[in-house]
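K.L.:
Quick one: structure below, then a few questions.
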Amino acid sequence: MHFSKVSNMPSLNPIRNGPVPLRSGQIIQGKVLKLYPENKAEISLGGNRFVAKLEVGLELGARYHFQVTANASMLQLRVLGDQLKREETTNLAKLLKSLGIKSSKQNLQLLQLLTNYAIPFDKAELQSAIQLLKGEKNSGLVSMVLFEMILKKLPITESTFQSLLASKSTSISEELTALKEHSSSNLNFLTSENRRNLDRHFVNTERQLLEMIDKLTEKPVSFRDGLLQYINTQNKSNNDAMYRILKGLGFISHKVDFTTWVKEWSHFTGKNLTNPTNQLPIQLNDRDILRVFYHIDSRRNEFTKAVQLFLDKWTPRIMLQQATGNALSGELLNSLQSELKQHIFPFIPQNHHQTLNSLLQSQQNILAVYRGLQALNNGEHLDHILRLARTTMEQENFLELSTKEKFIEHIRQSYTMLGLDYEHRLVTEKVPSNLQQTIKGLLLQLIGGQEYISQDQYSRLLNVIQGVQIQSVNDTATFVQAALQLPAERLGLVNDLALEFEGKKNEDGEIDPDYCRIIFYLELEKLKETVIDVNIQQRAVAITVFNNTKGLPVISKQFKENLETGLDALNYRLSSIQFRKLKEKEKHSIGQEAYRRDDSQGVDFRI
């Protein structure tokens, strides 16, 4: 689910407390509410009321378009044209004509949104917005995006527009999945035999991006399951890399050849013996394998250099001996053993050294270690197994958390990994650390990196992330409003988790926990589309659940007591729980707090 799909859900209202902040050049529709002596009148502008001194004749109850002008002492309102008629389209067409703008259907649609919600705008803003409107197919959504840009006083630029439009047209999860396929295809192309001369930095950046996407989007998978999947995939293509790696590290007996290995695994998967309680083929211990590779991962760069140096030195010698049909001499074997212990063993956990030492007692086993290191020297296999080990350890720590802690930790990690705080850290940190190790940072590196690699998918995800950033916070002296959209498959949701928050500030300028509102937009595996509206007033919590599942009110009763207990522990009180169908959801509205002056003696504007 993404915001464009829930735009007609109950939604938090853009903050509009206090008088409308008008500036010179802006245009806004107003109505004459009262006429006072001394050529004064009460005028309604944008839901707020002002007293104005009249220098032209206005009719009581009539509506006009006003343009703000300024002189040395106060703002002035200039009446544009005649009083407005009942036919709104005619009024808007006349206004566009007076501004020198074509009265097209799309232009009228945007202008109507602005006037319906009494949003002030100036001619330059409208012209820029209409320029962006040209050529766009979904004029309804595009008009809403441009409306929001003018409402929130965002720059009316192509980059801001494309970012907001992307974030309302798709979800982060959808774009991450699409980019994952795109990047996998790129890597296959870039690492093909005829592309060996390409920029390795670009390839490594693609791999880092894929790893971060996996971490954000994939549900937690055990190391055992990931290992099974990888081994079976290799066996089906008759690839013996994992067989050589595990044999070289002493996890497979020297008596087991590759044919036996494949046969055992085929039997294991064919009989559906993949249940965690069943012993893996060839007496493999997945926990021991995990510990070894997680230990290697902690010094991955040093390990790969050590392996490369070892192979560079010993490959020519071993190949020469094999080519002549001669066995390795005792002196050569002793030297090989010594260098393995000196340069490779330090990267292996101490409790696994005994297993490796037992391998070094025969030429056959020493060559198995050598062939295992050759397989590990292939970046693809090493990347996969180390990523699986690292991800497993992180996920196991994550799975041990409580539900509340999982939710908070996922939001923290997602926020940082996506790079939603990228610019903030760039400005506030003296030496920004790991900024390039965020999805946004990696995308910025990849865009423009290779001329024959399509950039569209990178740009699209970058636009979505920037669109979410633009909409994230709206802060005033008395209110704070925030919106957040994150991938949530890791929490068991089908798509993105979206939430909106609004809260008052207390005297210290902090959020007042006694008065706030949170709306969750969820796509659940069983309950499907769900919206939860949580409204807190004086620490009394009113919850409204929008969902189309039959019998949900009855099902929920078994959880009500636990909910009340949990809220009570936090010094909150459950006041009500309501269930409504999604079709009963409220229409999206733009809230406006009325501001009025009680006295008719002062003057806010001159007209």
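K.L.:
Below 14 Å, Cα to Cα, which aspartates and glutamates can LYS236 reach? Residues fewer than 8 away in the same chain don't count.
P.N.:
GLU264
K.L.:
Could you point to the residue in ALA542, GLY379, PHE161 farthest towards the positive end of the chain's charge dipole, with +1 and -1 charges on the Cβ of Lys/Arg and Asp/Glu respectively?
P.N.:
The residue sitting farthest along the positive end of the dipole is PHE161.
K.L.:
Between SER575 and ASP225, what length comes free when the chain is fully extended (0.36 nm per residue of separation minus the Cα-Cα distance, one decimal in nm)?
P.N.:
Full-extension gain reported as 121.5 nm.
K.L.:
Of LYS505/LYS550; LYS152/LYS440; LYS505/LYS557; LYS247/LYS313; LYS247/LYS406, which pairs sit farther than 30 Å apart, going by alpha carbon to alpha carbon? Don't skip to the end; give the middle numbers.
P.N.:
Values: LYS505/LYS550 39 Å; LYS152/LYS440 24 Å; LYS505/LYS557 34 Å; LYS247/LYS313 22 Å; LYS247/LYS406 38 Å.
Violating the 30 Å limit, Cα to Cα: LYS505/LYS550; LYS505/LYS557; LYS247/LYS406.
K.L.:
Let me ask something else. Just read off the accessible area of ARG49 with the full protein assembly in place, 1.4 Å probe, to the nearest 10 Å².
P.N.:
80 Å²
K.L.:
Let me ask another. Using the Karplus equation 6.51 cos²θ - 1.76 cosθ + 1.60 (θ = phi - 60°), what ³J(HN,Hα) coupling, rounded to whole Hz, does each residue of the range 358-368 give in order, writing x for Gly and Pro?
P.N.:
My calculation for the range 358-368 gives 5, 6, 7, 8, 9, 4, 4, 6, 5, 5, 5 Hz in order.
K.L.:
Further question: Fully extended, how many nm does the chain gain between LYS85 and LYS528 (0.36 nm per residue separation, minus their Cα-Cα distance)?
P.N.:
Separation in residues times 0.36 nm, less the Cα-Cα distance, equals 154.8 nm.
K.L.:
Further question: State, to one decimal in nm, how far the label point of LYS34 lies from the label point of GLN354, with both points 7 Å from Cα in the Cβ direction.
P.N.:
Here the modelled spin labels are 9.4 nm apart.
K.L.:
What does the accessible area per residue of the chain come to in Å², with a 1.4 Å probe and no ligands, DNA or RNA counted? Don't skip to the end; give the middle numbers.
P.N.:
Numbers: 31190 Å² over 607 residues.
Heavy-atom accessible area per residue stands at 51 Å².
K.L.:
LYS105: which lysines have alpha carbons under 16 Å from its alpha carbon, excluding same-chain residues fewer than 8 sequence positions away?
P.N.:
LYS94, LYS97, LYS134, LYS137
K.L.:
Here's another thing I want to ask about it. How big is the gap, in Å, between the Cα center of the range 300-320 and the Cα center of the range 87-115?
P.N.:
Their Cα centres are 73 Å away from one another.
K.L.:
Could you put MET149, MET212, MET319, MET393 in order of accessible surface area, largest first, with the 1.4 Å probe and the full protein assembly present?
P.N.:
Highest to lowest solvent-accessible surface, that is MET319, MET393, MET212, MET149.
K.L.:
Additional query: What is the packing order of peptides 527-533, 423-429, taking the mean over residues of other C-beta atoms within 10 Å and listing the highest first? Walk me through the numbers before you get to the answer.
P.N.:
Details: 527-533: 17.7, 423-429: 11.0.
Descending mean neighbour count gives 527-533, 423-429.
K.L.:
Now for a different question. Using the Karplus equation 6.51 cos²θ - 1.76 cosθ + 1.60 (θ = phi - 60°), what ³J(HN,Hα) coupling, rounded to whole Hz, does each residue of the range 148-162 give in order, writing x for Gly and Pro?
P.N.:
Once rounded to whole Hz, the list reads 5, 5, 6, 4, 8, 6, 7, x, 7, 10, 4, 5, 5, 4, 5.
K.L.:
Which value in deg cm²/dmol, rounded to the nearest 500, describes the helix-derived mean residue ellipticity at 222 nm for the chain, given -39,500 (n - 2.57) per DSSP H run of n ≥ 4 and division by the residue count?
P.N.:
Details: 21 runs with 284 residues, N = 607.
Taken over the chain, the calculation gives -15000 deg cm²/dmol.
K.L.:
As I understand it, the dipole of the chain uses +1 on the Cβ of Lys and Arg and -1 on the Cβ of Asp and Glu, about the Cα centre. Which of PHE501, THR403, GLN208 lies farthest toward its positive end?
P.N.:
PHE501
K.L.:
Got the relative contact order for the chain handy, in percent, Cα pairs under 8 Å and 6 or more residues apart?
P.N.:
On the way: 836 pairs, mean separation 131.5, N = 607.
Result for the chain is 22 percent.
K.L.:
Please report the antiparallel percentage of the DSSP beta bridges confined to the chain, to the nearest 5.
P.N.:
85 percent
K.L.:
I'd like the FRET efficiency for ALA124 and ILE408, computed as 1/(1 + (r/R0)^6) with the beta carbon distance as r and R0 of 41 Å, rounded to 0.05.
P.N.:
Result of the calculation: an efficiency of 0.40.
K.L.:
Taking amide H positions as placed 1.01 Å from N in the peptide plane, with prolines and chain starts having none, which residues 5 or more places from TYR117, or on another chain, fall under 5 Å of its amide H?
P.N.:
none
K.L.:
Determine the order of LYS560, LYS134 by accessible area, beginning with the largest, at a probe radius of 1.4 Å.
P.N.:
Ranked from most to least accessible, the order is LYS134, LYS560.
K.L.:
While we're here: So who's got an amide H within less than 5 Å of the one on ARG78, skipping anything under 5 residues away but keeping other chains? H placed 1.01 Å off N, in plane.
P.N.:
Here GLN67, VAL68, THR69 satisfy the definition.
K.L.:
Which ³J(HN,Hα) values in Hz, rounded to whole numbers, follow from the phi angles of the range 539-552 under the Karplus curve 6.51 cos²θ - 1.76 cosθ + 1.60, where θ = phi - 60° and Gly and Pro get x?
P.N.:
With coefficients 6.51, -1.76 and 1.60, one gets 6, 9, 9, 10, 10, 10, 10, 9, 6, 9, 6, 5, x, 4 Hz.
K.L.:
Under the rule of at least 5 residues apart or a separate chain, name every residue whose amide H is placed under 5 Å from the amide H of LEU497.
P.N.:
Residues meeting the amide H criterion: LEU486, ALA488.
K.L.:
Pull out the extension gain between ILE447 and SER159, defined as 0.36 nm times the separation in residues minus the alpha carbon to alpha carbon distance; nm, one decimal.
P.N.:
Numbers: separation 288, 0.36 × 288 = 103.68 nm, distance 1.50 nm.
Contour length minus Cα-Cα distance gives 102.2 nm.
K.L.:
Between rounded, prolate and oblate, where does the chain land on the alpha carbon gyration tensor, with a ≥ b ≥ c its root eigenvalues, rounded for a/c under 1.5, else prolate if a/b exceeds b/c? Each step should come with its number before you reach the end.
P.N.:
On the way: a/c = 3.19, a/b = 2.31, b/c = 1.38.
Prolate, because a/c is 1.5 or more and a/b exceeds b/c.
The values are calculated or read from the model by the stated rules, or taken from the named source; none is laboratory data. Everything quoted here is computed from the prediction, not taken from an experiment. Using ideal geometry, Cβ is built from the backbone for each residue, glycine included, and neighbour counts are taken over all protein chains shown. When the accessible area is computed, the model is the full protein with side chains, heavy atoms only, and any ligands, DNA or RNA have been set aside. Shrake-Rupley method; radii C 1.70, N 1.55, O 1.52, S 1.80 Å.
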